[in-house]
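Trainee: If you scroll down you'll find the structure; I have some questions about it.
Every read-out reported here was derived from the displayed coordinates using simple, explicitly stated rules and does not represent laboratory data. Since the model is a prediction, treat every value here as computed from it, not as a measurement. All Cβ positions, glycine included, derive from the backbone under ideal geometry; neighbour counts span all protein chains shown.
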Amino acid sequence: GGGGDGGGGGQLKTRAMRELEALQSMPTYGHALVRVRLPGGLVLQAAFHPQEAVGAVLAEVRGCLSPTLQSAQPYLFVTPPRRVLDVSLSLAAAGLVPAATLLLGFDPPVSAGAAGSTPSEVLSARALALLAAPPDAAAAPQPSFPSALNLPSRSAAGGGGALA
């Protein structure tokens, strides 16, 4: 039998010791960049702390939706394969760190007409104001977690708005 770890060091390790070593060797991230695809081809992008719940992302997304879509039952999922995200999991536990693109679904499904095809049909007044704001104005305040709107763009191409 031999219960060694195969490392040749001769030191036996408990499961807890192996798990601790694995955690210590994992990269740490200060934020998770999350993009959510909305109806009408819109994408909401925001940064969250990796230990925030998926529910915090859903709450931010819901706050950006028009009143019609807010009253529907939205949920977040990833694909492929299609996997509906548990809102109680942290972003790290859900495998969404360091970055992820999520899709927004509705249960029961919302008709294409109700989901809208223009930003004014999909977004709330608050989100439309952010979309219309100049990039510098949208990125000026540096929010603390969990407030995720007003995320400055990290791309070299510019475009500093939270909605793209």
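Trainee: Scan the range 42-131 for trypsin sites (Lys or Arg not before Pro) in coil per DSSP, keeping those whose Cβ has at most 14 other Cβ atoms within 10 Å, and list them by number.
Mentor: Numbers: sites: R62, R82, R83, R126; in loops: R82.
Passing sites in the range 42-131 are R82.
Trainee: Could you give me the ³J(HN,Hα) list for the range 109-118, computed from phi with Karplus coefficients 6.51, -1.76, 1.60 and θ = phi - 60°, whole Hz, x at Gly and Pro?
Mentor: So the Karplus estimates, Gly and Pro as x, are x, 9, 5, 4, x, 6, 6, x, 10, 10 Hz.
Trainee: Using a/c under 1.5 as the rounded threshold, could you call the range 40-141 rounded, prolate or oblate? The axes a ≥ b ≥ c are square roots of the C-alpha gyration tensor eigenvalues, and prolate needs a/b larger than b/c, oblate otherwise. It would help to have the intermediate numbers written out before the result.
Mentor: Working: a/c = 2.00, a/b = 1.13, b/c = 1.77.
In terms of gyration-tensor shape, oblate.
Trainee: Next question. Set the Förster radius R0 to 41 Å, insert the Cβ-Cβ distance between S71 and T28 as r into 1/(1 + (r/R0)^6), and round the FRET efficiency to 0.05.
Mentor: Result of the calculation: an efficiency of 0.55.
Trainee: Give the long-range amide H neighbours of A99: residues separated by 5 or more places, or on another chain, with amide H under 5 Å away, using H modelled in the peptide plane at 1.01 Å from N.
Mentor: It is L33, by chain and number.
Trainee: Along Cα→Cβ, 7 Å out, is where each label goes; now give me the distance between the ones at Q11 and V78 in nm to one decimal.
Mentor: 3.3
Trainee: Pop the C-beta distance of A112 and D86 into the FRET formula with R0 = 30 Å and round what comes out to the nearest 0.05.
Mentor: Numbers: r = 27 Å, r/R0 = 0.92.
Efficiency computed from Cβ-Cβ geometry: 0.65.
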